[in-house]
Structure formats: structure tokens, C-alpha cells
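So the structure is just underneath, and the comments pick up after that.
The values are calculated or read from the model by the stated rules, or taken from the named source; none is laboratory data. The shown structure was predicted, so the numbers you read here are calculated from the model rather than taken from an experiment. Note that each Cβ is placed from the backbone with ideal geometry, even for glycine, and that neighbours are counted across all protein chains shown. Surface areas here come from the heavy atoms of the whole protein model, side chains and all, with no ligands, DNA or RNA. Shrake-Rupley method; radii C 1.70, N 1.55, O 1.52, S 1.80 Å.
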Amino acid sequence: MGVWRFSLLGFPIVVEPWFWLIALLLGAQGPPELLPSWVIAVFVSVLAHELGHAYLGRLYGMDASIRLYGMGGLTSYEGGSGLTLLRRALLSLAGPMAGFALALAVWVLMRLAPFEGRFVTDFLLDLVTVNVAWGLMNLLRVLPLDGGNVMRQGVYWWTGSRGDTLPLRISLGTAALFALPGLA
């Protein structure tokens, strides 16, 4: 299985084989017959998240491309030099907000028009779950997650310095706070 390349809404997108493997592994704890539903929901969710970043980048005058790999995705930009700290923070928030918007739209759709069939119902529930969980995790103040990037812009604004020592310390502290209960 090789790299899959396509374009969506004018954005070049690359999907690496590791993306599919990790999605399969994350869904392996569920019933095998629902694994395809899960993998499609993860693909749609991560793509929607990255499209949120890419679309706002386009509004800021940048060209964006998307790569889905391993545990998620990455939106890369060309142009846009001189973005303000606020715009950089908003660019980071655009991905989780796109995911939350998709989750809300799917949830409302499920309430307005109940669907029949286990595959469709589980797919829609997976879309809501993945987008909410992925968005919340991504908002943690840990670099390189989106929340970490927002925190970094806030530290730059607050200190007037572009040094990464304080943002990295905050990231490490946040990661430790979330890892300790898992170790206990």
C-alpha cells in the first residue's frame, strides 16, 4: 500500500500508509465488523481538522498542503510571513474548531433524521466521538499540539520574547500532569 495523493477544495493532500495502520490499531479493540466504519470516521475527522487549518491559512493569504500520517496530520503553509501572534493562535485553533463543528453537525443530523443500520449509526457516532475527543486532546497545552501552539503564542505575547524555554516547560508540565494518572 503506497502513498495516496489527491486534491480537495484546491488543497493538495497526501495520505501515508502509516495513517491507515494507526487508525486500524486504534479501532482494533472494537468489533471487527465495525473496523471499516471506524477507519473511515478517523480519516474524515482528521481530514476535516486539517482542512480547518488549511482554509484559514488560505484566508490569511497562504498556500496550504495537508499530510496525514501516523497519529494524525500536518498542514504546511507557504507564504504568510509576518502573521501576527493572534493570527498564528487562530490558525492553530481552526483545526479543533472545524472538528467540533463537524461533530455538532453530525449530532444534529442524527437527532433530526435518525438512521437505521449498525454501520451507518456507528459511523456517525464514531464521527462525533473522534472529533470531540481529538479536538479536546489537541487543545492540551503540549507542543506540538494545537493547544501548545496557542500557548506558545500567548507566552510570546506575554513575555515579549520568542524564546521557547517557557513554552517547552509548560508543555512538559502539562504532559506530566496528564501522564501521572495513567501511570498510577
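For this structure, a couple of remarks:
- Qualifying positions in the stretch 51-69 - open to solvent by 80 Å² or more (accessible area, probe 1.4 Å) and either under 27 Å from Val39 (Cβ atoms) or not in a helix (DSSP H, G or I) (or both): Tyr55, Asp63, Arg67, Tyr69
- Taking the stretch 113-132 as the range and being in contact with a helix residue (DSSP H, G or I) (Cβ under 9 Å, 6 or more places away or on another chain) and of a type outside the set (Val, Ile, Thr) as the test, the residues that pass are Pro114, Phe115, Arg118, Phe119, Asp122, Phe123, Leu124, Leu125, Asp126, Leu127, Asn131.
- Selection of the stretch 1-50 for residues being in a strand (DSSP E or B) and either buried (at least 18 other Cβ atoms within 10 Å of the Cβ) or not polar (S, T, N, Q) (or both) yields Trp4, Arg5, Phe6, Leu8, Phe11, Pro12, Ile13, Val14, Val15.
- Where a residue in the stretch 115-144 is within 21 Å of Ala176 (Cβ to Cβ) and its partner, wherever it lies, is of a type in the set (A, V, I, L, M) and in a loop (DSSP other than H, G, I, E, B), with Cβ under 8 Å and at least six apart: Met137/Leu145; Asn138/Leu145; Leu139/Leu145
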